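All of the numbers you see were taken from the coordinates with simple rules; none came from a lab. Since the model is a prediction, treat every value here as computed from it, not as a measurement. Positions of Cβ are backbone-derived with ideal geometry, glycine not excepted, and every protein chain shown enters the neighbour counts.
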Amino acid sequence: MTQEKQPITTNSAVPFPSTAVAAEAARDDAGIAKEDTAWTDRPEPAAGLAPITVAAPTPEPQDTAEGAPGRAPKMRADSISVFYGEKQALKDVSIQIHEDRVTAFIGPSGCGKSTFLRCFNRMNDTISGARVTGRIELDGEDINSAQMDVVHLRARVGMVFQKPNPFPKSIFENVAYGPRIHGLADKKADLEGIVEKSLKRAGLWDEVKDRLAESGTALSGGQQQRLCIARAIAVDPEVILMDEPASALDPIATAKIEELIHELRGRYAIAIVTHNMQQAARVSQRTAFFHLGELIEYGRTSDIFTNPREERTQDYITGRYG
Ligand SMILES: Nc1ncnc2c1ncn2[C@@H]1O[C@H](COP(=O)(O)OP(=O)(O)O)[C@@H](O)[C@H]1O
Ligand SMILES: [Mg+2]
């Protein structure tokens, strides 16, 4: 299969670090090529189908619902169904997410993306009437077992929501709260160190280091969202779930969140829900497309956007619905 390397084209006004993305794609391929042996060719793209182009990577095996060959997943969802009362919102979804990749969940509004994301740290437990069947593993361990401490689980699998939701406390306390309740820092200096490191990693330190005592809610929307990311990072998570983390933000703040996701990749497994296909193409290496509660297709982001297997995926990425 020959594919030309094409520049990424987007309709959005968001500044776009295309060289960074190309480098990420190369890094992704390098890592995979060493580990995987099989390679499944895809058919050539249908004529005229290239609404979103991403840097063409070298061939690698396609992830399937069963995962990537030869690699242990960070998290594995197996035959997940979710019901709200009588209504089934998610139908028998299986997927694996890996620690060195960003996985995007896309699909039209109401298709079950948020419902599915919440399964990974049992946030559906907090919704009355919600019932989850199937199995979810974190490092091979059943997260729904009686032995699993759900507070600890949510520290290991952190979450960032669509609307920034800082506590009505100081910037410092927003980040220090989690490490303190999880007993991660005995001494004041240790706690200060964690706060600084987390704010630096979230790309917010320089903007707030002289105003740590001010309220987190006084920050701009984009800063608040980075504060929420710092808060998730502070408890040393292994996985970060993001549910449309930039959809309430302006284009500049959105670009900062996207850059941050690039920087965090490799350190944490990241799963991001987005209804913005350009964003999925920019930030992720794997994309899962959902429609009406079903997982329609899961694969390399470049394949999903340039050479999908399923007609429903093609219809969605070409804007036929959604
Ligand atoms: N708390 C809830 N109670 C009842 N139905 C819900 C609830 N949350 C979501 N749903 C329904 O489940 C389906 C999937 O919703 P959701 O996961 O929020 O989709 P998405 O995030 O893809 O927009 C929708 O039909 C929605 O109305
Ligand atoms: Mg949603």
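Identify the chymotrypsin sites (Phe, Trp or Tyr not before Pro) of region 258-322 meeting these criteria: DSSP loop state and at most 12 other C-beta atoms within 10 Å of the C-beta.
Numbers: sites: TYR268, PHE289, PHE290, TYR298, PHE305, TYR316, TYR321; in loops: TYR321.
In loop regions of region 258-322 (DSSP not H, G, I, E or B), the sparsely surrounded chymotrypsin sites (Phe, Trp or Tyr not before Pro) are TYR321.
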Here are some pairs, LYS113/LYS197; LYS74/LYS209; LYS91/LYS256; LYS74/LYS169; LYS188/LYS256; LYS187/LYS209; which of them have Cα atoms lying more than 25 Å apart in this structure?
LYS113/LYS197; LYS74/LYS209; LYS91/LYS256; LYS74/LYS169; LYS188/LYS256
Out of residues 5 or more away from GLU297 or on other chains, whose amide H comes under 5 Å of its own, with H placed 1.01 Å from N in the peptide plane?
PHE289
In whole Hz, with x marking every Gly and Pro, tabulate ³J(HN,Hα) for region 285-301 from phi via Karplus 6.51 cos²θ - 1.76 cosθ + 1.60, θ = phi - 60°.
9, 10, 10, 10, 9, 10, 8, 6, x, 10, 7, 8, 7, 9, x, 4, 4
With 0.36 nm assigned to each residue of separation and the Cα-Cα distance removed, ASP92 to SER220 gains 42.1 nm
Residues with amide H under 5 Å from that of ILE270, placed H, sequence gap 5 or more
ARG101, THR103, ILE240
Spelling out what I want: for every residue of region 88-103, take phi, set θ = phi - 60°, compute 6.51 cos²θ - 1.76 cosθ + 1.60 (Karplus), and round to whole Hz; glycine and proline get x.
8, 9, 9, 10, 6, 9, 10, 7, 10, 10, 10, 6, 9, 10, 9, 10
Residue by residue, what Karplus-based ³J(HN,Hα) values in Hz, rounded to whole numbers, does region 132-148 have, using 6.51, -1.76 and 1.60 with θ = phi - 60° and x for Gly and Pro?
10, 10, x, 10, 10, 10, 10, 6, x, 9, 5, 6, 9, 6, 5, 6, 6
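Over its Cα atoms, what ratio of radius of gyration to 2.2 N^0.38 Å does region 71-110 give? Provide the component values of the computation, followed by the final result.
On the way: Rg = 12.6 Å, N = 40, 2.2 N^0.38 = 8.9 Å.
Working it through for region 71-110, the quotient is 1.41.
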Any residue on another chain or 5+ positions along whose placed amide H is under 5 Å from the amide H of VAL160 is listed here as LEU241, MET242, ASP243
